Amino acid sequence: MNKGKILVAENNGAMRLFLTNYLSKAGYSVTAAGNVESFFEKLNGDYHHVILLDIGMPKMNGIDIMNLIKRKQILSKVITFTDNIMIGRALECMNLGAFGYMRRPYSLNELISYIEDAMEHQHSKTL
């Protein structure tokens, strides 16, 4: 059963692969991008319920990416990943429309719960 579509934007290859495999086993359809170019190609190619966004992506930070998502009126719910030193960026991303942020390290149960909350929130907005 497909629980929904997720786009994972994570420049760390091992973490990207881990998240993709974990979320796929949890029942989600997962697409992954390791750089900004791949992210926007996949974002423009298909609809995703949730975007998991590493705000420390090279070439473009999370704030710039959120500005583009907002300008393009993309309806996906965005959950950003951040380290403690980038909390200010995560909060700014929320001001630009991100659903929320998660501090690294985070538990996988917390991640799944947050994804489910984002999907439920999105579903309630479409009713």
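Spot the failing condition for ALA98; the list is (1) modelled with pLDDT under 90; (2) surrounded by 14 or more Cβ atoms within 10 Å (Cβ to Cβ); (3) not in a helix (DSSP H, G or I), and only one is missed.
(1) is the only condition that ALA98 fails.
Return the only residue of ALA14, ALA32 being out of contact with any strand residue (DSSP E or B) (no Cβ under 9 Å at 6 or more places or on another chain) and more than 19 Å from LEU96 (Cβ to Cβ). Walk me through how you get there before you give the answer.
Numbers: ALA32 fails: out of contact with any strand residue (DSSP E or B) (no Cβ under 9 Å at 6 or more places or on another chain).
Only one candidate qualifies: ALA14.
Need the failing condition index for CYS93 against (1) under 12 Å from the mean Cα position of the chain (by Cα); (2) free of Cβ contacts under 8 Å to residues at least 12 places away in the same chain, just the number.
(2)
Please work out if GLY34 is under 11 Å from the mean Cα position of the chain (by Cα) and free of Cβ contacts under 8 Å to residues at least 40 places away in the same chain. I'd like the intermediate steps shown before the answer.
Values: under 11 Å from the mean Cα position of the chain (by Cα): no; free of Cβ contacts under 8 Å to residues at least 40 places away in the same chain: yes.
So GLY34 fails the test.
Please identify the pairs in which a residue from region 1-28 that is under 22 Å from TYR47 (Cβ atoms) has its Cβ atom under 8 Å from the Cβ atom of a residue that is among the polar types (S, T, N, Q) and part of a loop (DSSP other than H, G, I, E, B), counting only partners at least 6 apart or on another chain.
LEU7/SER76; GLY27/ASN2; TYR28/ASN2
Here is a check on your reading of the model: is ALA118 in contact with a His (Cβ under 9 Å, 6 or more places away or on another chain) and either free of Cβ contacts under 8 Å to residues at least 12 places away in the same chain or under 19 Å from TYR47 (Cα atoms) (or both)? Reasoning before the result, please.
Details: in contact with a His (Cβ under 9 Å, 6 or more places away or on another chain): yes; either free of Cβ contacts under 8 Å to residues at least 12 places away in the same chain or under 19 Å from TYR47 (Cα atoms) (or both): yes.
Criteria met by ALA118.
Under the condition of being at pLDDT 95 or above and among the β-branched types (Val, Ile, Thr), which residue from region 20-63 is surrounded by the fewest Cβ atoms within 10 Å (Cβ to Cβ)?
In this case the residue turns out to be THR20.
Which of the residues spanning region 75-90 are β-branched (Val, Ile, Thr) and either in a strand (DSSP E or B) or closer than 16 Å to VAL50 by Cβ (or both)?
The initial filter retains those residues of region 75-90 that are β-branched (Val, Ile, Thr), namely 78-80, 82, 85, 87.
Passing the criteria: VAL78, ILE79, THR80, THR82.
Look through LEU23, LEU17, LEU43, LEU7 and report the one residue that is in contact with a Leu (Cβ under 7 Å, 6 or more places away or on another chain) and part of a helix (DSSP H, G or I). Can you show your working first?
Details: LEU23 fails: in contact with a Leu (Cβ under 7 Å, 6 or more places away or on another chain); LEU17 fails: in contact with a Leu (Cβ under 7 Å, 6 or more places away or on another chain); LEU7 fails: part of a helix (DSSP H, G or I).
Of the residues listed, the single one that is in contact with a Leu (Cβ under 7 Å, 6 or more places away or on another chain) and part of a helix (DSSP H, G or I) is LEU43.
For region 64-74, which positions are touching a residue at least 24 places away in the same chain (Cβ under 8 Å), surrounded by fewer than 19 Cβ atoms within 10 Å (Cβ to Cβ) and in a helix (DSSP H, G or I)?
ASN67, LEU68, LYS70
Out of GLU92, GLU116, which single residue is surrounded by 12 or more Cβ atoms within 10 Å (Cβ to Cβ), under 23 Å from LYS3 (Cα atoms) and either charged (D, E, K, R) or at pLDDT below 95 (or both)?
Values: GLU92 fails: under 23 Å from LYS3 (Cα atoms).
Sole residue among the options that is surrounded by 12 or more Cβ atoms within 10 Å (Cβ to Cβ), under 23 Å from LYS3 (Cα atoms) and either charged (D, E, K, R) or at pLDDT below 95 (or both): GLU116.
Looking at the structure I just gave you, is LEU108 over 11 Å from VAL50 (Cα atoms), touching a residue at least 40 places away in the same chain (Cβ under 8 Å), in contact with a helix residue (DSSP H, G or I) (Cβ under 9 Å, 6 or more places away or on another chain) and exposed (fewer than 15 other Cβ atoms within 10 Å of the Cβ)?
Numbers: over 11 Å from VAL50 (Cα atoms): yes; touching a residue at least 40 places away in the same chain (Cβ under 8 Å): yes; in contact with a helix residue (DSSP H, G or I) (Cβ under 9 Å, 6 or more places away or on another chain): yes; exposed (fewer than 15 other Cβ atoms within 10 Å of the Cβ): yes.
Against the criterion (over 11 Å from VAL50 (Cα atoms), touching a residue at least 40 places away in the same chain (Cβ under 8 Å), in contact with a helix residue (DSSP H, G or I) (Cβ under 9 Å, 6 or more places away or on another chain) and exposed (fewer than 15 other Cβ atoms within 10 Å of the Cβ)), LEU108 qualifies.
The values are calculated or read from the model by the stated rules, or taken from the named source; none is laboratory data. Quick caveat, the model's predicted, so the values are computed rather than measured. As a convention, Cβ positions derive from the backbone with ideal geometry for all residues, glycine included, and neighbour counts pool all protein chains shown.
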